[in-house]
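Only one structure is covered here, and it is reproduced in the block below.
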Amino acid sequence: MHWCYGDNVIHEPEPGRMQKREYGIAILSKYKILSHQHYPLSSDESEQRGLLAAVLDADGINLHFYTTHLGLAQSERVEQVKEIINIVASHTMEPCIITGDFNAHPDSVEVASMSPAFCSAFADEHDAFTFPAGNAVETLDYIFVNHQSGNIEDRTVIHSSLASDHYPLAAKLLL
């Protein structure tokens with residue numbers, strides 16, 4: 001398993017400790033990660049948000065993979081999606097996947113802004129609910145793919161996991 005991590009939030013150490021406390025976003029991959037970069041996104045005072053970008057060697061194909069966790073306020077998310085689109089723009093002619101907790105419903109401006117270049121792997125699934133885990137009634141999490149990412153062979157919401165307050169999504173693509 002290969003992984004990379006980007007810290008969105010860094011706090012000072014707890015009393016009596018030396019190590020700073022941090023949390024952020026990560027990518028776990030069965031494919032080798034050739035490079036990665038963390039991009040802080042515009043955020044309000046409540047919590048710093050970011051985008052983690054990685055180039056994966058998917059059996060000889062460079063796959064641009066991104067993950068994010070967007071803010072809670074719609075105005076903040078709209079700006080963050082604009083930033084994400086600008087960051088990924090130079091790679092949209094190659095296979096490109098953007099995943100994450102968008103904190104936005106499928107009919108939102110934020111999700112609509114992802115579409116000319118990307119479509120949701122769950123676009124035609126109206127009950128791909130991911131939040132809250134245990135009794136999901138909202139779709140807040142997405143896997144967006146571009147046309148160069150190939151065909152979606154399978155996709156699912158993984159209801160058996162309670163490792164988060166959101167259910168994870170999975171999609172199998174044929175590059």
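The values are calculated or read from the model by the stated rules, or taken from the named source; none is laboratory data. Given the structure is predicted, the values throughout are model-derived calculations rather than measurements. FYI the Cβ positions are ideal-geometry reconstructions off the backbone, even for glycines, and counts take in every protein chain you see. Side chains are part of the model used for accessible areas, which takes the heavy atoms of the whole protein and leaves out ligands, DNA and RNA. Shrake-Rupley method; radii C 1.70, N 1.55, O 1.52, S 1.80 Å.
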Checklist entry - Considering the alpha-carbon set of segment 81-132 alone, what are its Rg and its Dmax in angstrom? => result 11.7, 35
Checklist entry - Taking only C-alpha pairs under 8 Å that are 6+ residues apart, what is the relative contact order of the chain in percent? => result 15
Checklist entry - Which whole-Hz couplings ³J(HN,Hα) result when phi for each residue of segment 131-146 is put into the Karplus expression 6.51 cos²θ - 1.76 cosθ + 1.60, θ = phi - 60°, listed in order with x for Gly and Pro? => result 9, x, 4, x, 7, 5, 9, 10, 9, 10, 10, 9, 10, 9, 10, 9
Checklist outcome for this item: Note to self: Kirkwood Rh of segment 37-117, Cα pairs, one decimal, Å, is 13.1
Next on the checklist: Starting from the Kirkwood Rh over alpha-carbon pairs, what translational D in µm² s⁻¹ does the chain have by Stokes-Einstein at 4 °C and 1.567 mPa s?
Outcome noted: 77
Item to check | Theoretical ellipticity at 222 nm over the chain - DSSP helices of four or more residues, -39500 (n - 2.57) apiece, nearest 500 | outcome: -3500 deg cm²/dmol
Checklist outcome for this item: Under a 1.4 Å probe, counting only protein heavy atoms, Arg21 has an accessible area in Å², nearest 10, of 100
Item to check | Cβ-based net charge around Lys20, under 11 Å, with every Lys or Arg adding one and every Asp or Glu removing one | outcome: -2
Item to check | Bridge type composition, the chain - antiparallel percent by DSSP, nearest 5 | outcome: 85
Checklist outcome for this item: the chain accessible area per residue, 1.4 Å probe, protein heavy atoms, integer Å², reads 57
Item to check | Semi-axes of the equivalent ellipsoid for segment 1-86, Cα gyration tensor, largest first, Å | outcome: 25, 20, 8
Item to check | Candidate lysines - alpha carbon under 29 Å from Lys82, same-chain residues fewer than 8 apart omitted | outcome: Lys32, Lys172
Next on the checklist: Can you tell me the length gained on complete extension of the stretch Leu162 to Ala112, counting 0.36 nm per residue apart and subtracting the Cα distance?
Outcome noted: 15.1 nm
Checklist entry - What does the accessible area of Leu162 come to, in Å² to the nearest 10, when a probe of 1.4 Å is used? => result 130
Next on the checklist: What distance in nm separates the two pseudo spin-label positions at Arg155 and Leu28, each 7 Å out from Cα along the beta-carbon direction?
Outcome noted: 2.2
Checklist entry - What figure in square angstrom, to the nearest 10, would you give for the accessible area of His11 with a 1.4 Å probe? => result 80
